[in-house]
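Structure record follows, encoded as structure tokens.
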Amino acid sequence: MRVPVRWLGLALMVAVAAWLRLADLADRPMHADEANQAVKLGHLLERGEYRFDPHDHHGPTLYYLGLIPAWLRGQSTLAELDETTVRLTPAIAGILGVLFLGLLVGRFAPGAGWIAAGLMAVSPIAVYYSRAFIQETLLSTFFISGLLACVRWRQSGAWSVAIGSGVALGLLVATKATAPLFVVLSLVAFAAAAWRAPGERSERVFRPWGKRDHQQLVVLLVTAAAVAGLFYSSFFRNPEGLRDAITTYTLMGDRVSGGSPHDKSSVYYLALLGWQTSGGYVWNQLPGSLLALIGLAMIAFRRPAPGVFAAVFGIGWLVVVSLTPYKTPWILVHAVPVLAAWSALGLETLKASGPVVRGIAATAVVGVLGWQLTEVRMMVFRRPADPRNPLAYVHTSPDLLRVRVMAGVTRPGPILVISPEYWPLPWYLRDRTDVGYWTEVPVRCDAGLLLVAPEWAETVRARLTGEYREGYLGLRPGVVLQVFERTPIGRTQVDSQRP
């Protein structure tokens, strides 16, 4: 394949990725996890304060990088932030991930880089979670960029590239506590590929280590530790964050060992990568998965070193996450580049085949790209918060958006939220300074607007004085809040005079 055509194909795939990830970012309601992290970003933006919490939150890169779009858009407070601003960070990371994957695969299979990039660009899973203010897309992009930097380092032996690899590794570690899994599996996959490498074009990457390589590795690791330390210590403002960065691994082990509401079957992820039906809708990722399995079969038959690396890493990762009881669908973000690499590297082994075989392979790739675009249209743009959508996991109900209208109406008194579950309300009420959150019923309940857990509604009702209208507000599937709206003074008399 001629170089200009290859680069044109990669540029086209990156452009498609940007279009899908940046369009209408504010349309989907904020998930509770997004809202929680967006509020933390707002506090960092307003006060310059951030302390890493090893118990229920992930690494700090999402928040610090989230400052950049806020500054560029002229937003300096939590109230000024909007959905587009906070989601720009993962969206841009998702676009870069597509570019880095294309460059990585293209270093070993020049004609296949754009295929890998294209399959990731239009993956419903990758697109959906690139538009969510969570860590997974950043984690995936830092991992891909780290692999790309390490490949360039091994090929060039340059000190500057070794340092760049350390920066990528440091960002990976500072993003989420699952980073060591990626490092360990990469080392295992590297060893398997190095065993296969002699005589191949890629042997410079998997060549034996020398004294200079070991020296550069030390610099790489020191750089990674320094970068991760900067983020976890809040750039030296919170030295205890370094201790907490280590503590989080123990806490994560307790979380994934079982007993969580998010525990699921070992075939949960495989089902998401296949065919599902729900409420009359079909969610089908099977064409892309079948193409990846065909690519994996080609890798197993020809065993090119880069393919061996991708196969060992991908299979190892799928086995580990499938056997871990704790499961959420956004974890599959990391499967997308693996499956794309399997497809691209496997099809690359067919380049010496006849025109008929190459034509069939090209048709299959185009067909899968088209199919995934139709799935993106349904899962990402048409029904992004539909509970029947398997990617909309315990997602905020669009009904909750009514709270902005309720809060915007002038009422006597503050807003009280009396419920053990209330996220993402702090995000949607971020411009109000008179909101109180209670996890038990207070003695005095009168307010302009009350949002109450249904099981506490009777107790709250008994403690109210004055006139209130009642209703319900959906929080997410299976969770509703009872609404008490205080009737403004004089409103009752006016209403009574109407015919």
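A few notes on this one:
- Residues in region 298-342 that are aliphatic (A, V, I, L, M) and in contact with a Lys or Arg (Cβ under 6 Å, 6 or more places away or on another chain): Ala305, Val308.
- Criterion applied to Gly97, Gly74, Gly111 was being under 30 Å from Arg302 (Cα atoms) and not in a helix (DSSP H, G or I), and the one residue passing it is Gly111.
- Residues considered: Ala109, Ala121, Ala149, Ala193. Of these, the only one that is touching a helix residue (DSSP H, G or I) at 6+ places or on another chain (Cβ under 6 Å), within 25 Å of Phe235 (Cα to Cα) and hydrophobic (A, V, I, L, M, F, W, C) is Ala149.
- Set Phe108, Phe143: member being in contact with a Pro (Cβ under 6 Å, 6 or more places away or on another chain) and either aromatic (Phe, Trp, Tyr) or touching a residue at least 24 places away in the same chain (Cβ under 8 Å) (or both): Phe108
- Scoring Ile360 on the criteria (1) under 26 Å from the mean Cα position of the chain (by Cα); (2) surrounded by fewer than 15 Cβ atoms within 10 Å (Cβ to Cβ); (3) of a type outside the set (Lys, Arg) leaves a single failure, condition (1).
- Test: Glu470 is in contact (Cβ under 8 Å) with a residue 12 or more places away in the chain, in contact with a Lys or Arg (Cβ under 9 Å, 6 or more places away or on another chain), part of a loop (DSSP other than H, G, I, E, B) and assigned by TED's automatic domain parsing to the domain that holds Arg402: no
- Any hit, region 302-311, residues being modelled with pLDDT under 95, surrounded by fewer than 19 Cβ atoms within 10 Å (Cβ to Cβ) and in the same structural domain as Ser140 (by TED's automatic domain parsing): yes
- In region 431-450, the residues that are among the β-branched types (Val, Ile, Thr) form Cβ pairs under 6 Å with partners that are assigned to a loop (DSSP other than H, G, I, E, B), at six or more places apart or across chains, as follows: Val435/Leu429; Thr439/Pro420.
The values are calculated or read from the model by the stated rules, or taken from the named source; none is laboratory data. Because the structure is a prediction, the values reported are computed rather than measured. Backbone-built Cβ (ideal geometry, glycine too); neighbour counts: all protein chains shown.
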